[in-house]
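Each reported figure results from applying straightforward, stated rules to the coordinates on display, with no laboratory input. Here the structure is a predicted model, which means the values were calculated and not measured. Cβ sites come from the backbone with ideal geometry, for glycine too, and all protein chains shown count toward neighbours.
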Amino acid sequence: MRTTLLFLAVAFVLTAPAGAQTFGDTGDGTQTLTKVATTSAQFLKIGVGARAIGLGGAFVAEASDLSAMYWNPAGLARMPGSGVQFNHTQYLADVSYSVAAFGVSLGAIGSVGASLIYLDSGDMAVRTTSRPGGTGERFKVQDLALQLTYGRNLTDRFSLGANLKYIREQIWHSSASAMAFDVGVLFTTPFRALRLGASMANFGPKMQMTGRDILFSTDPAVDASGNVEIVNAEFLTDEHALPLIFRVGLAWDAVTLGDHRVVVLSDAAHPNDNSEYLNVGSEYSFRDMIFLRGGFRNLFETDGVQGITLGGGLNLRVDRSVRIRVDYAYADFGILDQTHWYTFNLIF
């Protein structure tokens, strides 16, 4: 009972700011302020792991592999032994998105891990208003996040975890960086293996682009003479907040019959730059070896284009202590395109 109250208290602290922001009455009710496209480091919202993507992104209460470092760092504490994970997808517009992670259990002390998220747009032509066909130069967008994670089981049912992360965005010769952290909790209830999870991700300062691309020279007074004709200056770039997001989720073992298991999951999310949404998913497993998954992402999101997700996985035991798991996921983005996700896990 005390563990249940502790989980509820921590979850309330994590999600208390998650109420929708409103402004004024226009005569026919209040309007919701969604702040779409007002944050930096958008790559932090893409997601990690083919298993989680196949489940529609409903993973905050099920986080039990190395992708937990993204969804809910408390889940790292429940990973037995050590492991490495590699993820890759060719995201929308041929953007390359890859994640590498490593974690190790230290027994009663807890578990530690590290991961690198890397996004690369590939080369693109530099175009200006005077030369819309291109200047002959090439540039690219490169984003990365380096995470250090710690998770610990406080009891056999209650886990806590946190990330410290370095975030960097680079566009051609300009860049922005910041430090941020995530926190998460995970609780297994006494009710038929019902699990509850909550997390807050990307809490940190605002980011501002700086670099030689925003430098220029100008004559401050073209019509005057005798003054300084050339002054070095720079454009004033805005500061943008990180994409802070609060998640609360449920995972329920709906069927546990011999070699068969069905898990049903749902996550409610509140981002600071869009409307609230719901992720739902389900996973069927046979002998903890063959997995089939399905889900739906961003339900009820205002003007959202994300939709159905599908996936599967194969968990193979090499020997008593070594396992290999490969996962695949398909995610539909409506009129934009579809994406394919691949994950390789080595657990030892």
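Here are some notes:
- Modelled spin-label separation between Met289 and Ser98, with each label point placed 7 Å from Cα along the Cα-to-Cβ direction: 3.2 nm.
- Highest-MSF residue in the chain out of Ala201, Ala268, Ala37 [GNM, Cα springs under 10 Å]: Ala37
- Springs between Cα atoms under 10 Å define the GNM used for the chain, and in it the highest mean-square fluctuation of Arg247, Arg323, Arg131 occurs at Arg131.
- Angle between the chain longest axis and helix 2-15 axis [Cα atoms, degrees, rounded to 10]: 20 degrees
- Projection of the Cα convex hull of the chain, averaged over all directions and equal to a quarter of that hull's surface, yields 23.7 nm².
- As a proxy for reagent exposure, ranking Ile109, Ile214, Ile117 by other Cβ atoms within 10 Å from fewest up yields Ile109, Ile214, Ile117.
- Loop-located GluC sites (Glu not before Pro) in region 166-255 (DSSP state not H, G, I, E or B) with no more than 10 neighbouring Cβ atoms inside 10 Å do not occur.
- Annotation: the residues Met289, Met200, sorted from fewest to most other C-beta atoms within 10 Å of their own C-beta, follow the order Met289, Met200.
- Centroid-to-centroid, using Cα positions, region 130-160 and region 257-307 are 22 Å apart.
- Extension gain, Thr128 back to Ala193 (0.36 nm per residue minus Cα-Cα distance, nm): 17.6 nm
- Here the calculated FRET efficiency for Asp120 and Ala224, from their Cβ-Cβ distance with R0 = 51 Å, stands at 0.60, rounded to the nearest 0.05.
- The GNM of the chain, with springs linking C-alpha atoms under 10 angstrom apart, assigns the highest mean-square fluctuation among Ala100, Ala254, Ala61 to Ala254.
- At R0 = 30 Å, FRET efficiency that the Cβ-Cβ distance of Asn232 and Thr38 yields, to 0.05: 0.45
- Simple spin-label estimate for Ser175 and Phe333 in nanometres, 7 Å along Cα-Cβ: 2.5 nm
- Of Lys35/Lys206; Lys35/Lys140; Lys45/Lys206, those spanning more than 21 Å from alpha-carbon to alpha-carbon: Lys35/Lys140
- Based on DSSP H segments of at least four residues, each scored -39500 (n - 2.57), the chain has a per-residue ellipticity at 222 nm of -1500 deg cm²/dmol.
- Cross-link partners of Lys165 among aspartates and glutamates, defined as those whose alpha carbon lies under 12 angstrom from its own and excluding same-chain residues fewer than eight positions apart: Asp182.
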